[in-house]
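A short write-up of the structure that comes next.
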Amino acid sequence: MKRSTPLLLALVALLVPQAFALSPPWWQRADEIKTVLKADPSLEVTTNAANSTNVVVTVNLSSGTATKAQALADLLAPYGIVKFSGGSVAVKVTKDNEVFVPQALPSDATAAFNLAKTAMAGNTLFVRGVTVKVPMFPTTYYLLCQVKGVQYYNDDLSQFSGMATELASSAMSKVYGITAMAISGNSGVLATSNQESYKMMRSTPLLLALVALLVPQAFALSPPWWDRADEIKTVLKADPSLEVTTNAPNSTDVVVTVNLSSGTAAKAQALADLLAPYGNVKFSGGSVAVKVTKDNEVFVPQALPTDATAAFNLAKTAMAGNTLFVRGVTVKVPMFPTTYYLLCQVKGVQYYADDLSQFSGMATELASSAMSKVYGITAMAINGNSGVLATSNQVCPQSGCP
């Protein structure tokens with residue numbers, strides 16, 4: 001879904017410098033709302049005019065109860081009915097030709113949780129609601145979402161084809177008003193989180209809470225070198241040609257060994273070079289290090305290229321075979337530096353981090369973000385006359401991201 005071609009985007013940005021954000025915020029917000037709500041097959045979502053100054057998103061509940069329609073009207077209002085300088089977006093909820101007027105939102109966590117479950121029911125991005133009760137702690141109400149990305153068009157010149165991409169949990173939290181309600185107090189805590197993709201806990205939820213109670217500074221229970229090692233392992237294990245192991249998962253000095261079981265020495269060297277910036281780090285109290293091997297040979301990291309083309313080719317060599325990586329794309333526009341995109345799957349990656357703010361302590365981020373860090377793209381920060389190097393997201397079909 002494109003309002004502008006890449007060439008047009010570049011030319012307009014050149015002629016009108018302030019137009020790097022080509023879509024006004026009311027278009028962007030309307031597109032995000034439509035994308036999230038269209039994941040609910042019981043909703044018919046339309047707009048008065050896609051490029052209007054005052055966009056009205058009509059959400060018709062074609063099958064479902066009046067209770068759900070009212071819940072939608074209530075929860076969609078904070079994010080969906082907004083005036084900007086120069087335009088606006090408004091969400092109108094209907095059922096059987098009746099327009100539902102938003103009511104005041106609850107401040108009690110239990111009531112807000114039940115209202116959210118009613119509104120989200122049937123949305124394929126929503127998995128289930130979970131209540132976590134721990135003695136001496138406020139009850140936490142989690143609205144668990146699919147570990148995947150949602151994508152909508154917003155003329156974003158920093159992203160391939162102008163697509164904005166975010167985790168479903170983040171988009172759901174905004175669109176369904178969870179962020180706006182900000183319920184966190186004695187009545188409980190309400191939050192969207194991510195469905196756990198696997199069970200791997202260093203601590204049980206009860207133990208997490210008890211340790212946090214007894215040792216206040218322990219809310220970040222995992223030291224940063226454990227978290228980083230887990231993130232690196234998660235990303236690299238998506239490449240079936242790599243055998244990824246650690247000396248000891250809970251060591252003070254974690255060594256992540258990456259053995260290339262099938263592939264060329266050029267790939268092993270590219271991995272050693274690119275994994276070093278994020279993978280070889282000393283923290284206060286511990287460290288993480290990445291060691292790349294092939295056929296019992298240890299590959300020593302070499303200096304990284306500063307030229308965009310060379311860095312792009314090195315990254316493609318290292319990422320080849322990783323199922324999170326889709327392909328490399330070169331975008332050339334007259335009078336602009338060439339942009340080299342490393343396109344990733346529109347999905348989340350998840351690893352355990354003892355994160356007390358997330359269900360089951362799981363950290364979740366978009367594949368493109370994790371790949372950029374682990375493979376050294378973020379650290380290289382190549383953006384100059386030789387070109388721009390960035391990870392981005394594969395463009396989803398109109399039917400949505402897989």
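The values are calculated or read from the model by the stated rules, or taken from the named source; none is laboratory data. Predicted, not measured: the structure shown is a model, and the values here were computed from it. Every residue, glycine as well, gets a Cβ built from its backbone with ideal geometry; the counts of neighbours run over all protein chains shown. Just the protein is used for accessible areas: all its heavy atoms, side chains included, with ligands, DNA and RNA removed. Shrake-Rupley method; radii C 1.70, N 1.55, O 1.52, S 1.80 Å.
Before moving on, here are some points about what is shown:
- Only protein atoms count toward the accessible area here, which uses a 1.4 Å probe; on the chain, the carbon and sulfur part of that area reaches 56 percent.
- Using θ = phi - 60° in the Karplus curve 6.51 cos²θ - 1.76 cosθ + 1.60, the 3J(HN,Hα) couplings for the stretch 119-133 round to 5, 7, 3, x, 6, 5, 7, 8, 9, 5, x, 10, 10, 10, 10 Hz; x is entered for Gly and Pro.
- Cα gyration tensor shape for the chain, rounded if a/c is under 1.5, else prolate or oblate: oblate
- Measuring with a 1.4 angstrom probe and ignoring ligands and nucleic acids, residue 29 comes out at about 50 Å² accessible.
- Nearest 10 degrees, 0 to 90: helix 205-214 Cα axis against the chain principal axis: 80
- For a label point 7 Å along the Cα-to-beta-carbon line of residue 139, residues of the stretch 102-130 with backbone N under 15 Å: 107-117, 129-130
- As a rough guide to protection, the peptides 369-376, 240-247 ranked by mean Cβ packing within 10 Å, highest first, stand as 369-376, 240-247.
- Helix-derived mean residue ellipticity, 222 nm - over the chain, DSSP H n ≥ 4, -39500 (n - 2.57), to 500: -9000 deg cm²/dmol
- Accessible area of the chain divided out per residue, in Å², using a probe of 1.4 angstrom: 44
- Estimated at the nearest 10 Å², the accessible area of residue 81 is 90 Å² with a 1.4 Å probe.
- Share antiparallel - DSSP beta bridges, the stretch 245-402, percent rounded to 5: 60
- Cα gyration tensor shape for the stretch 266-402, rounded if a/c is under 1.5, else prolate or oblate: oblate
- Cα shape, the stretch 71-165, gyration tensor, a/c 1.5 rule: oblate
- Listed values for the stretch 383-390 are Karplus-derived 3J(HN,Hα) couplings in whole Hz (6.51 cos²θ - 1.76 cosθ + 1.60, θ = phi - 60°), namely 7, x, 5, 6, x, 10, 10, 7, and x replaces Gly and Pro.
- Helix axis angle, 6-15 relative to the chain longest principal axis, alpha carbon, degrees: 80
- Packing-based ranking of 331-338, 170-177, 118-125 yields 170-177, 118-125, 331-338, ordered from highest to lowest mean Cβ neighbour count within 10 Å.
- Residues whose amide H lies under 5 Å from that of residue 92, counting only those 5 or more places away or on a different chain, are 57, 58, 59; hydrogens are built 1.01 Å from N in the peptide plane.
- Whichever lysines have a C-alpha closer than 24 Å to that of residue 83, once near sequence neighbours (fewer than 8 apart) are set aside: 34, 38, 92, 174
- From phi via Karplus (6.51, -1.76, 1.60), per-residue ³J(HN,Hα) for the stretch 294-307 in Hz, x at Gly/Pro: 7, 6, 6, 8, 9, 9, 8, x, 9, 4, 7, x, 9, 7
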